[in-house]
Amino acid sequence: MPPGGETVVGKSFRFVSLLLASLALLTASPVAADEIRSPSLTALRVDWRAALDQLRTEINSRPQIAGDFIFVPRRSVPRFDPRGMPALVQLNAVSSQFFVGIARSSVPVLLPFDAAAYREAQRNGPPTTSALSRYQADFNPVDMFDAGPAGYSATFSLEPGAGDGMPTRVFAKPVEIQITGSALVYDIADPAGGKGEPVKPLASIYPDLRKFIREGYVRYAFTRFGVAYVVSIQCLDSVAKPRRLACKEAYPVAERFLKALHVAGGQRMRPLMDVASYVIDRPAARSADFGYRPSGDIIPNTGYRKQGGHPDAMAYAQIRFPLEKAPAFVHSQSYAKRDKDDGPTAYPWRDNFCESRSFEVWQCGGGFGHQGEDIRAADCPSTGDAREPCDPKQRGVVAVRDAMVIRASKDQAATLEVNSRTEHIRFRYMHMNPQALNADGVLNGRVVTEGEKIGVISNYLDHPAGTSMHLHFDVQVFTRDGWIWVSPYVTLVSAYERLIRARGREIGTEIAGTPQPVAHALPEDVIKPDPREGSSSEEN
């Protein structure tokens, strides 16, 4: 079967999935004004036999070590027992030295790591970790690696001047390259999705590869073994700047990365199931004070070129509210003075996802927005209880879910990634003190538990006092275009209701505009949409 190809069964399954998605979209009823729904997800079918065939080809290119791997399946073990594919078990044993937990990935892990070359080098003595880049096309050892039931994510870097044939320009810092492979994709209404241009030099390796710039990243999306993979590099879709990489400069780095991809591990597991959208349960008790304006109802004239917000009735995950204690308030920090009705620490809440910023956000009018929501804690004193004094610099920020941390020591933002059989989602926190996060070990690879304190509300941007005292919180879900920003507003409403154990009151429903349909967009084969994307580290 050709790379990225489908079996007859796979094509039949996909046809049925498209038909069902089409019917769902056509029969969907509007979301009620006070109804909150979960997203729907499509589970992709992984072709492990094709992955094994590719691995066999890669291993056989090194005759010295070809006999070290057993490709004959063991028929006597249960269908999803790892021993049924011994070569993969052996490969995971080699790769797990550098990519911890690689066998937890439910999809074939493609990385710029040549396990066969590394294994061959072991014949002459164990290679040192410092020489690992020799087997990774000059890319540094992995900065972040997360594998789980939905798939995997990894981040690598290329040093300035490293790599034969790379651009001669010396960058201010290493170029960071991300890759995600997932068997779960979110079914979001995405008129910009599925587009891109072919990459002719790589067409023979990746027949369906498409390149596009979206939300601040150049992205290369392709399908292999039935799995959706996306390689991305953050860049400027403009001329190069002294400290910022232009997307045209990122192209050869990304293409070097793609040429170096090998099957590095992963393990066959029971297939994932599609996840259907459903109405989320809400507390029966009514809150006496918590109110919120509808999703999409931003402060007038604060959207890009004075456009409005984006109504979205989805709670993209059931999370613990990110602030340790109530009360808390979702309000604009940049345009608060224009909101004459609501103060920054008062009810009702107000959506600020699509406020005007320089960040590309496909959901927002004109394609630009805030990427997330700003949240403030109550003014001091938060209670009249002298036994519980209020320190404005010690308001706790907690993990919204059990997750893995994505954060390098120099990053101001901390991201939590959930990788399970029913979700592949990221939550990003901004403006906490980077030095305090480092001291607390909130760094790449750390596993946190829901409700665990990970910091305090602060005012960092690139320096102290760079913002008001607030937390910026946003959400990304994985699609065939990679990680995409979605509105976290209703997700926060739902989480806050669980925190206070009472249902809020939606105020001014008529302002929000037309109710959104329950069903999301059809898969990319039915609707072929368009690209672009925003920064991930500046002021929010």
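Any read-out appearing in this document is the output of simple, stated calculations on the displayed coordinates, not a laboratory observation. What you are looking at is a predicted structure, and each value in this text was computed from that prediction instead of being measured. Note: ideal-geometry Cβ built from the backbone for every residue, glycine included; neighbour counts use all protein chains shown.
Quick query: amide H of residue 148 versus all other amide H atoms, modeled in the peptide plane; which residues come in under 5 Å with a sequence gap of 5 or more or a different chain? Those lying under 5 Å, H to H, from residue 148 are 105, 106. The packing ranking, built from the mean of other Cβ atoms within 10 Å per residue, places the peptides 299-309, 485-495 in the order 485-495, 299-309, highest first.
Computed from backbone phi with θ = phi - 60° and the Karplus coefficients 6.51, -1.76 and 1.60, the 3J(HN,Hα) list for segment 247-260 is 4, 4, 6, 7, 3, x, 5, 5, 6, 4, 4, 4, 5, 8 Hz; x is used for glycine and proline.
The peptide list 417-427, 203-213, put in order of mean Cβ contacts within 10 Å with the highest first, becomes 417-427, 203-213.
Scalar couplings 3J(HN,Hα) for segment 374-380, obtained by applying the Karplus form with A = 6.51, B = -1.76, C = 1.60 to θ = phi - 60°, are 8, 10, 10, 7, 5, 5, 7 Hz; x denotes Gly and Pro. Distance from the Cα centroid of segment 53-79 to that of segment 215-239 is 31 Å (rounded to whole angstrom).
Considering only C-alpha atoms, what is the centroid distance from segment 114-167 to segment 172-199, in Å? Distance between centres, Cα-based: 22 Å.
Averaging the sequence gap over all C-alpha pairs within less than 8 Å and six or more residues apart, then dividing by the number of residues, gives segment 41-265 a relative contact order of 23 percent.
With semi-axes defined as the square roots of five times the eigenvalues of the C-alpha gyration tensor, the equivalent ellipsoid of segment 41-265 measures 30, 23, 14 Å, largest first.
Taking packing as the residue-averaged number of other Cβ atoms within 10 angstrom, the listed peptides 92-99, 346-353 run from highest to lowest as 346-353, 92-99. Taking the Cα centre of segment 319-372 as origin and assigning +1 to Lys and Arg Cβ atoms and -1 to Asp and Glu Cβ atoms, the resulting dipole is close to 120 debye.
On the beta carbon distance between residue 164 and residue 285, with R0 = 51 Å, the FRET formula returns roughly 0.20. Computed from backbone phi, the HN-Hα couplings of segment 37-54 come to 10, 8, x, 9, 10, 9, 9, 8, 8, 8, 9, 5, 5, 5, 5, 5, 5, 5 Hz, rounded to whole numbers (Karplus: 6.51 cos²θ - 1.76 cosθ + 1.60, θ = phi - 60°; Gly and Pro given as x).
A simple spin-label model places pseudo-atoms 7 Å from Cα toward Cβ; at residue 325 and residue 93 they are separated by 5.4 nm.
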